[in-house]
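Below is one structure, written out as C-alpha cells, with a few remarks after it.
The values are calculated or read from the model by the stated rules, or taken from the named source; none is laboratory data. Values in this document were obtained by computation on a predicted structure and should not be read as measured data. As a convention, Cβ positions derive from the backbone with ideal geometry for all residues, glycine included, and neighbour counts pool all protein chains shown. With ligands, DNA and RNA removed, areas are computed over all heavy atoms of the protein, side chains included. Shrake-Rupley method; radii C 1.70, N 1.55, O 1.52, S 1.80 Å.
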Amino acid sequence: QVQFEESGGGLVQPGGSLRLSCAAFGSIFSMYDVGWYRQAPGKQRELVASISTDGSKNYIDSVKGRFTISRDNANAEMYLQMNNLKPEDTAVYYCNRDPPRNNFWGQGTQVTVSS
C-alpha cells in the first residue's frame, strides 16, 4: 500500500508558474512508475505526465514544453513544475502510480489559472 499527498496548488494568472509536490508514504517509492493526473470540472481524469523508475518522462501534447516532471527517490517525492500556465490547465491535480491504483488516490491539489 502507498498513500500520496499532493500540495502546491493555487490561483495563478495566465502565463504564471506553479510547482506541485507529491509525497509518498507507506511503500518503496523508487520501485514504481508514477505520474501526475488532473481532472477538470465535467471532464474525466487524465494522465498529464509520467516518470518511470529509470527516469524516462512522458507528457501529453498540451503540456509539452511547459511542464516538467521529476522525482526524488531518496525522499519519496515527486514534483511537477508548471510554467506558462493556461486557463485550460485549471483542474484538480493528483499523483498516483502509473498506471494508477484506485485505492491510492489522495485529495489532490487545486490549480486555478485565471486573470
If residue 74 satisfies every condition in (1) modelled with pLDDT of 95 or more; (2) outside any strand (DSSP E or B); (3) not hydroxyl-bearing (Ser, Thr, Tyr) but one, which is the exception?
(1)
Per the filter on the stretch 1-23, residues at negative phi, part of a loop (DSSP other than H, G, I, E, B) and modelled with pLDDT of 95 or more are 9, 13, 14, 16, 17
Collect the residues in the stretch 24-50 that are hydrophobic (A, V, I, L, M, F, W, C) and either open to solvent by 20 Å² or more (accessible area, probe 1.4 Å) or at pLDDT below 95 (or both), keeping them in residue-number order.
24, 25, 28, 29, 31, 40, 47
The stretch 62-88, residues that are open to solvent by less than 40 Å² (accessible area, probe 1.4 Å) and touching a residue at least 40 places away in the same chain (Cβ under 8 Å):
76, 78, 79, 80, 82, 85
Across (1) free of Cβ contacts under 8 Å to residues at least 40 places away in the same chain; (2) of a type in the set (Val, Ile, Thr); (3) surrounded by 14 or more Cβ atoms within 10 Å (Cβ to Cβ); (4) closer than 23 Å to residue 101 by Cα, residue 53 clears everything bar (3)
